[in-house]
Amino acid sequence: MAAPAASSSVGQAGALISQYMTKGRFPEDNLALPKMPVPVISIWFPAGGMEERFEQARAFMQNLANTEIGGFFSVIRDKSLPRGDRIVNAVRGRFDAMWIAKWQASCVAPTIQQTFNFGFDPSLGLAGDGSYKDVPVGIDPKSWPLDIDVDTTVAEADKTPLYPGGKVTVYGNFCWEGNKERAELFLLPKNQEVPTTLDGVTVEDAEKARKTLISQGLKATIIDAGRDSATFELPDSEKFLSGKGESFTARLVLHDNETLRTSAITKDKIITVKAVKAPLSSWLKQNVAYLVIGGVVFAGVVVILLLVTVFRSGGRRRGGAVVAAPPPRPGSGGMSMAMAPAPMKFDGGMGASMGAPPAPPPPPPMAAPGPAFVQRATLTGQSGIFTVLPGVEMKAGRDGALCQILLQEPRVSGTHASLKVESGQLLVRDDNSNNGTTLNGQRLPAGVWTPVANGAQIKFGPIEFTVGLE
């Protein structure tokens, strides 16, 4: 803004304009419109001239800036033009850190038209009047993410990590008193990708991404929900455990099914908390019914076997006499196991005498155990943990429609390699990938099944896994 011609009232004129801008009403007695205070940014480019006019111009420009409500004053001389960018950034930072009207509306109703009462920041010296009462504001509740207290939620999970079949409490600013069924919690599978950002997408695209996460997630069961928290029972499945070794995390998406509002779903803001595998006590508690049934069945089988043994023994000996067993069936190729009368005992001569039955022959030696057979193979790496079971051929690659081991890496082919457990061992085959499959540092030929040993290092392109065999 350029300074006006010099006069005795130049400085006072700038102050008067600043007051009008701060009051926010033109003219001052116009009550038909609400107040709208306007901060003034005043940048003075001084020119040469008489000292009196120079000082009056400076006073006008300085008084024009109402710095008490966010205005700004600065001077730019010929050799200080590069300061322009710094001044612009300073002004932007100042406005980003201030506010004139502020309100809180977490408990919005599921309608587009809302009505709020504004309150003013008292530190700015502004006061509301009747014209700001019942000001209509158009909003779309679906575009507002749920107000989650991420710090408290993460801190509680650090003290008591999540585990399959356990519980979790999500903290925030909610409005679910008396209607806990509004609260829904979804846990994302360990290989489920989430959007990196929603910048530059339409509302429809963001809603589609949110629905995709919800449809593919694991749903928890609501226990209780109030104004500040919601508690859920987690599904008894390890599918939502992300990570490797014993360092697991769980990713949560909270949803209000009445207002259709959802917690953040982008990669940097999604609720991510500490998790562990289910402890033994929890597993026993959840499977006590199966253990009882299994114990009863086992005991019943033992009793039946004892009864059969007693019955057969009693049928062969009656009154101490030995009962001959029936002859073997023709064609059976075996001998009867029943006891025959005591054999004749030869005394070295031609005669014979009855004697005690000979001692039973020793039992045949136990057969040596056969080779160990692989029942399950586990691939562990930074991209997740994957399990290969007998009878299921699994593919690794970027094609989500064909690959069970999904690897989001550009250097991995769509269908990069295949794995299977067959004849008691884990086999891997490169499927003509661009960047190859390596086993313990050796690149595998394409199309050839190769055995994999326990503890081996296998890489699909740059993605590496450690193999564990059970």
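Things worth noting here:
- Scanning the range 415-460 for residues that are open to solvent by less than 20 Å² (accessible area, probe 1.4 Å), in contact with a strand residue (DSSP E or B) (Cβ under 8 Å, 6 or more places away or on another chain) and at positive phi yields a total of 1.
- The range 260-283 - residue that is of a type in the set (Ser, Thr, Tyr) and open to solvent by less than 80 Å² (accessible area, probe 1.4 Å) and, of those, modelled with the lowest pLDDT: Ser282
- Just so you know, in the range 217-247 the residues that are of a type in the set (A, V, I, L, M, F, W, C) and free of Cβ contacts under 8 Å to residues at least 60 places away in the same chain include one that is farthest from Ser383 (Cα to Cα), and it is Ala225.
- Scanning the range 219-259 for residues that are surrounded by fewer than 15 Cβ atoms within 10 Å (Cβ to Cβ) and hydrophobic (A, V, I, L, M, F, W, C) returns a single hit, Ile223.
- Within the range 156-165, considering residues that are surrounded by 13 or more Cβ atoms within 10 Å (Cβ to Cβ) and out of contact with any Asp or Glu (no Cβ under 8 Å at 6 or more places or on another chain), the one nearest to Pro235 (Cα to Cα): Tyr163
- Any strands (runs of 3 or more DSSP E) falling wholly within the range 80-189 and containing at least 1 residues that are modelled with pLDDT of 80 or more and not charged (D, E, K, R): 167-171, 183-187
The values are calculated or read from the model by the stated rules, or taken from the named source; none is laboratory data. All of these numbers come straight from a predicted model, not from anything done at the bench. Note that each Cβ is placed from the backbone with ideal geometry, even for glycine, and that neighbours are counted across all protein chains shown. Note: areas computed on protein heavy atoms with side chains; ligands, DNA, RNA excluded. Shrake-Rupley method; radii C 1.70, N 1.55, O 1.52, S 1.80 Å.
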